[in-house]
Amino acid sequence: MSVPVSETDTFSPDKKTAENTPFYDSICKQSNVSYHFNPEVSQYHFGPYHPMKPFRLMLTDHLVISYKLYEKMDLYTPRRATKEELLEFHSDDYIDFLAKVTPETVTKLPESTLAHFNIGDDCPVFDGMYDYSTIYAGATLDASRKLISGMSDIAINWSGGLHHAKKYEPSGFCYVNDIVLSIINLLRVHPRVMYIDIDLHHGDGVQEAFYATDRVMTVSFHKYNGEFFPGTGSIDERGMDKGKNFAINVPLKDGIDDESYVRLFKSIMEPLITKFQPTCIVQQCGADSLGYDRLGCFNLNIKAHGECVKFIKSFEIPMLVLGGGGYTPRNVSRLWCYETSVLTDVTLNHKIPNYLPSYDWFGPDFSLHPQLDGRIDNKNSKKYLESVKQDILEQLRYLAYAPSVQMQEIPPDITGLTEDEDQIIKELNEEQDGTRETQNTKDEARVGELRE
Ligand SMILES: [Zn+2]
């Protein structure tokens, strides 16, 4: 059986990226790149039918090692996040619950407690759940510390990027929001942090945490129709109070292809970066926006997804690079290995090294670039994408300048929210609870199709 591979570019290069393409092995400036990975994180199981498979991180690491990318990076095996570190964002009672509950004790808890902590099919209590969360959050925090100290220009943690977790509860397979924790840390030193999310799903947890501050601009590209998980991410969600217009949402429809995605991404990101002038960027590289993802509905190939990472890198701003969703493990790992090569300026042979311990996973094509587009019709017309772009550029016009801050000004409450703002966001969440229940019911109905 032959599987088509996608070796040629399926989008046109732009001038800026082309100019920044390095000459490999030449004397051009290389970034200091660090790779933060604790292999223990890949050993946890959400349950046999759950789409989140932490072993995708093991596959990624195998690829990164087999391609010898470790020669180009500083490698760290980070410690776990402490409870105190998690409490920088999450509530006391939630972290207590996470730390104490086990698959045995959860069966004895009343329904109301499970509902209160949003425990269910999406976010089950599994063996080691708290340890798992502290491992990936510890790695993201470690990466943020290397950026703060200036030891790294680019710090990578593929086990992080769990963008749905909320202050009081887990959501969408995410228990602890490592992204929010790392941005809180970065804000101690960086006046302005930009968060860019190219996961299939809306980066709701991060948007919500920084909805009322102008020191973090959140930008999320995602599928949106009002129902698709997590139900938020309309173009009209723009932030509030001081944060008004500092939340950017790019709602997309099914089947977006390489050319349209890359073009839209660059045409939006370039003016946003120029205007906001972030001193640090956090990019969440969720792999469920690839074609053929088990829970996906886009048509992206690995090179197009990686082109977004390459484009952001070309601005030469310190950058934290994180994973996220991604439910077809062999493609998730191909993507994140490829993106590691982009970040380290290495060109990889598309043929996967045959001494890889998990080589069989990558058959029958054994290529880093299987063709992943073409499964779903592109429902994004040129007209629709142009109108989205125009709306966002219009929103950008309201940002007159890059906000400056007194450097001693550390947000009082970590997220910078006042009690009133906290209450408004709580109420917004309660309104959305209906949507979430509908989604949970839908997801339950899909259990059959998820069994492989
Ligand atoms: Zn996702």
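The values are calculated or read from the model by the stated rules, or taken from the named source; none is laboratory data. This one's a predicted model, so the numbers in the text were calculated from it and none came from an experiment. No Cβ is skipped: glycine too gets one built from the backbone with ideal geometry, and neighbour counts run over all protein chains shown.
Would you pick out the residues in segment 309-323 that are of a type in the set (G, A, S) and surrounded by fewer than 23 Cβ atoms within 10 Å (Cβ to Cβ)?
S314
If you check V206 against the conditions, is it over 24 Å from Y292 (Cβ atoms), buried (at least 24 other Cβ atoms within 10 Å of the Cβ), within 13 Å of the ligand (Cβ to nearest atom) and not small (G, A, S)?
Answer is yes for this residue.
Would you mention how many residues in segment 294-306 are touching a residue at least 60 places away in the same chain (Cβ under 8 Å) and either within 15 Å of the chain's Cα centre (by Cα) or crowded, with 24+ Cβ neighbours inside 10 Å (or both)?
Final tally of qualifying residues: 8.
Could you tell me which numbered condition E386 fails, if it satisfies all but one of (1) away from the ligand (no atom under 16 Å from the Cβ); (2) of a type in the set (D, E); (3) touching a residue at least 24 places away in the same chain (Cβ under 8 Å)?
Among (1) away from the ligand (no atom under 16 Å from the Cβ); (2) of a type in the set (D, E); (3) touching a residue at least 24 places away in the same chain (Cβ under 8 Å), E386 violates only (3).
Mind checking which residues of segment 256-267 are in a helix (DSSP H, G or I) and surrounded by 20 or more Cβ atoms within 10 Å (Cβ to Cβ)?
Result: D258, S260, Y261, V262, L264, F265.
Taking segment 224-259, which residues are under 20 Å from the mean Cα position of the chain (by Cα) and under 24 Å from K313 (Cα atoms)?
Answer for segment 224-259, where residues must be under 20 Å from the mean Cα position of the chain (by Cα) and under 24 Å from K313 (Cα atoms): F246, A247, I248, N249, V250, P251, L252, I256, D257, D258.
Can you tell me which of V332, V346 is buried (at least 21 other Cβ atoms within 10 Å of the Cβ), touching a Lys or Arg at 6+ places or on another chain (Cβ under 7 Å) and closer than 18 Å to I65 by Cβ?
Exactly one residue qualifies, and that residue is V332.
Can you tell me which residue is farthest from S152 (Cα to Cα) among those in segment 344-401 that are of a type in the set (S, T, Y) and touching a helix residue (DSSP H, G or I) at 6+ places or on another chain (Cβ under 6 Å)?
Taking the candidates together, the pick is S358.
Of all residues in segment 294-304 being closer than 21 Å to L385 by Cβ and out of contact with any helix residue (DSSP H, G or I) (no Cβ under 6 Å at 6 or more places or on another chain), which is nearest to the ligand (Cβ to nearest atom)?
Out of the qualifying residues, it is C297.
In the list I179, I119, I154, which residue meets the criterion of being of a type in the set (V, I, T), within 16 Å of the ligand (Cβ to nearest atom) and at pLDDT 95 or above?
On inspection, the qualifying residue turns out to be I179.
Where in segment 36-101 are there helices (runs of 4 or more DSSP H), lying fully within it, with 3 or more residues that are under 20 Å from the mean Cα position of the chain (by Cα)?
Once the helices (runs of 4 or more DSSP H) in segment 36-101 are filtered for at least 3 residues that are under 20 Å from the mean Cα position of the chain (by Cα), what remains is 55-66.
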